[in-house]
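**Q** Would you mind keeping the following structure in view while I ask a few things?
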Amino acid sequence: MTTTAPVKMVLDCDTGVDDTLAILYAALHPAVELLGVGSVWGNVDLDTATRNCLHTVHLAGRPDVPVARGADRPLLQTEPVFAYHVHGDDGQGNAGTGRVLGEPVAESAAEQMIRIAREHPGEVEVVAVGPLTNVAIALAACPELPTLVRGITIMGGAALAPGNVTEVAEANIWCDPDAAAAVFNAGWTVTMVGLDVTMLTTLDDGHRERLAAGGTLGQYVAGILDHYIGYFAAASFGERRSCMHDALAVAVAAGTLVPDLAPLVRAYVSTEGRTRGQTVCDLRGMYMGFPEQEGARCRPVLRTDPAFADQVVDLLVAAGDAAVPVTPVAGTEEESA
Ligand code: RIB
Ligand code: CA
């Protein structure tokens, strides 16, 4: 019998609802060795994202996973734009516990990413599922980062699918196109788990019922998904279901979701004008099996099994109870866990 070592991972998140599922998946799945979590502005402000990262690792019974605060705004634009209408005021579908659990470490998310990469040369997968601001800051501080890591996988972009902020731009790239351009141009191969597949893997009330019938962890997730599914019902699907987004990137990086189609192609991020935030992938080879392209350094994932949603639900149900109470508390009093 062969056993595969778990993938060492640093996960960078703007923790709203789908990021929460991604952290839980990374913290609980045996195929992942979660070495650190970084918070970044995006779905919600940085304080809320950081609090939610900490809350989630505690829920998973993994308070040992360090959480580092990252950037609170994009690299060049001054004003961040958040998505509370999608993720709720608390970034937990207005169904969070209100608990403040643990504290972020002293180093920044970019510093943590670099330190962990240096401690495990060639072994760490950077998985970024929010705006790429922290990764761009890490690259500026440590230009050799691409040679220190195993790879980088992002949830972001759209190769063939429409955008979800503008006609062509996906939210994580649109939030900080200048950071995304730096990441795409850094000389490593970017595995791009974008809207082409994340819009096709959906969660509905049937999944919520299965979660709610599990332990308190599943019940918590069922609760935070209610508002999120409601948003997507109105904005995207016309019926009560939501995309899953971020957990797909973690699973592709971990090898627990193997893409059915992910060609290696040239790609760039538009930073100008009406197409600002678009990921432009050269897919002209698609009618002849994607022949090799010179300078190709992006692997857009174009097809995955939508049944992956069940894998996530199964994992969360099997985990049983959360490691901390999931009942809401009034206010945001400090708790030690
Ligand atoms: O476009 C979807 C992405 O934007 C997801 O990562 C979601 O969490 C938000 O960050
Ligand atoms: Ca995200």
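The values are calculated or read from the model by the stated rules, or taken from the named source; none is laboratory data. Quick caveat, the model's predicted, so the values are computed rather than measured. Reconstructed Cβ throughout: ideal geometry from the backbone, glycine too, with neighbour counts over all protein chains shown.
**Q** Which count do you get for residues in region 109-127 that are over 18 Å from the mean Cα position of the chain (by Cα) and crowded, with 20+ Cβ neighbours inside 10 Å?
**A** Number satisfying all stated conditions: 3.
**Q** Can you tell me which residues in region 227-241 are outside any loop (DSSP other than H, G, I, E, B) and not basic (Lys, Arg)?
**A** The answer is HIS227, TYR228, ILE229, GLY230, TYR231, PHE232, ALA233, ALA234, ALA235, SER236, PHE237.
**Q** With respect to GLU79, determine if the residue is within 17 Å of ALA251 (Cα to Cα), among the charged types (D, E, K, R) and either free of Cβ contacts under 8 Å to residues at least 40 places away in the same chain or more than 15 Å from ligand 1 (Cβ to nearest atom) (or both).
**A** When the stated conditions are applied, GLU79 does not pass them.
**Q** Select from region 1-24 the residues that are more than 13 Å from ligand 2 (Cβ to nearest atom) and modelled with pLDDT of 95 or more and write down the one among them that is farthest from ARG150 (Cα to Cα).
**A** LEU24
**Q** Now, a different point. Considering only region 289-303, state which residues are exposed (fewer than 10 other Cβ atoms within 10 Å of the Cβ) and either in a strand (DSSP E or B) or touching a Gly at 6+ places or on another chain (Cβ under 8 Å) (or both).
**A** Passing the criteria: only PRO291.
**Q** Among the numbered conditions (1) part of a helix (DSSP H, G or I); (2) within 15 Å of ALA169 (Cβ to Cβ), tell me where THR279 comes up short.
**A** Single failed check for THR279: (1).
**Q** Do we find that VAL40 is within 12 Å of ligand 1 (Cβ to nearest atom) and farther than 20 Å from ILE229 by Cβ in this structure?
**A** For VAL40, the condition - within 12 Å of ligand 1 (Cβ to nearest atom) and farther than 20 Å from ILE229 by Cβ - is met.
**Q** Sort through VAL313, VAL326 and tell me the only one that's surrounded by 15 or more Cβ atoms within 10 Å (Cβ to Cβ) and assigned to a loop (DSSP other than H, G, I, E, B).
**A** After applying the criteria, what remains is VAL326.
**Q** Restricting to region 40-65, give me the number of residues that are touching a Pro at 6+ places or on another chain (Cβ under 8 Å) and on the phi > 0 side of the Ramachandran plot.
**A** 1
**Q** Just give me the residues in region 43-53 being closer than 19 Å to GLU107 by Cβ and either buried (at least 24 other Cβ atoms within 10 Å of the Cβ) or away from ligand 1 (no atom under 16 Å from the Cβ) (or both), in sequence order.
**A** Those that are closer than 19 Å to GLU107 by Cβ and either buried (at least 24 other Cβ atoms within 10 Å of the Cβ) or away from ligand 1 (no atom under 16 Å from the Cβ) (or both): ASP47, ALA49, THR50, ARG51, CYS53.
**Q** So, one more: Would you check which residues across region 1-37 are assigned to a loop (DSSP other than H, G, I, E, B), touching a residue at least 12 places away in the same chain (Cβ under 8 Å), of a type outside the set (Gly, Ala, Ser) and away from ligand 1 (no atom under 14 Å from the Cβ) and list them?
**A** THR4, PRO6, HIS29, PRO30
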